[in-house]
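The values are calculated or read from the model by the stated rules, or taken from the named source; none is laboratory data. Remember, predicted model here, so these are calculated numbers, not experimental data. So basically every Cβ, Gly included, is an ideal-geometry build from the backbone, and we count neighbours across all protein chains shown. To get the accessible areas, we keep the full protein, side chains included, count just its heavy atoms, and leave off ligands, DNA and RNA. Shrake-Rupley method; radii C 1.70, N 1.55, O 1.52, S 1.80 Å.
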Amino acid sequence: PERELRSALHRAGLRFRVDYRLDTAGLSVRPDIVFTRARIAVFVDGCFWHNCPVHGNLPAQNVRYWNRKLERNVERDRQVTAALIGAGWDVIRAWEHEEVESVAKLVAVALNARISD
């Protein structure tokens, strides 16, 4: 999903950084896509790993382990989002099941809004 989104953004003429580390509020984060000048961080969250309310499911085996693991992932996502917003970044989170072109348009709108400010 991340690669598909990157391709769609690139086709739209948008240039970005990949595997770019951001250090804020004691956290070191590597968003999937980063627009450094506009200060926009994009994350494409997997439905299983980030506990999607629509498609997320809990494995039948070792339920206690997986429940804690997935809850920690969701809490970490909240902390990362809050830290980045607190440092002046816009954060866009998309689910892997979302239509790539819709997410790309959302990113383009956010980018245009940031650039025109």
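As a calculated quantity, the FRET efficiency between residue 21 and residue 109 at R0 = 25 Å, using C-beta atoms, amounts to about 0.45.
Counting charges near residue 10 (Lys, Arg +1; Asp, Glu -1) among other residues having Cβ under 12 Å from its Cβ returns a value of +3.
Heavy-atom accessible surface of the range 1-77, averaged per residue, reaches 65 Å², computed with a 1.4 Å probe.
So which residue, out of 78, 93, 64, gets the largest mean-square fluctuation from a GNM of the chain using Cα contacts under 10 Å as springs? In this elastic network of the chain, the residue with the biggest mean-square fluctuation among 78, 93, 64 is 64.
Computed from phi, the 3J(HN,Hα) profile of the range 97-104 under the Karplus parametrisation 6.51, -1.76, 1.60 (θ = phi - 60°) reads 7, 6, 5, 4, 5, 5, 5, 4 Hz, with x in place of Gly and Pro. Shape call for the chain from the C-alpha gyration tensor, a ≥ b ≥ c root eigenvalues: rounded (a/c under 1.5), prolate (a/b greater than b/c) or oblate? Oblate, since a/c reaches 1.5 and b/c is not below a/b.
Couplings 3J(HN,Hα) for the range 76-88, derived from phi with the Karplus relation 6.51 cos²θ - 1.76 cosθ + 1.60 (θ = phi - 60°), are 4, 4, 4, 5, 5, 4, 4, 5, 5, 4, x, 8, x Hz, where x marks Gly and Pro. Of the accessible area of the range 1-107, computed with a 1.4 Å probe over protein heavy atoms only, carbon and sulfur atoms account for 48 percent. For the range 1-63, the gyration tensor built on C-alpha atoms gives an oblate shape. Its axis ratio a/c (a ≥ b ≥ c) is at least 1.5, and a/b is not larger than b/c.
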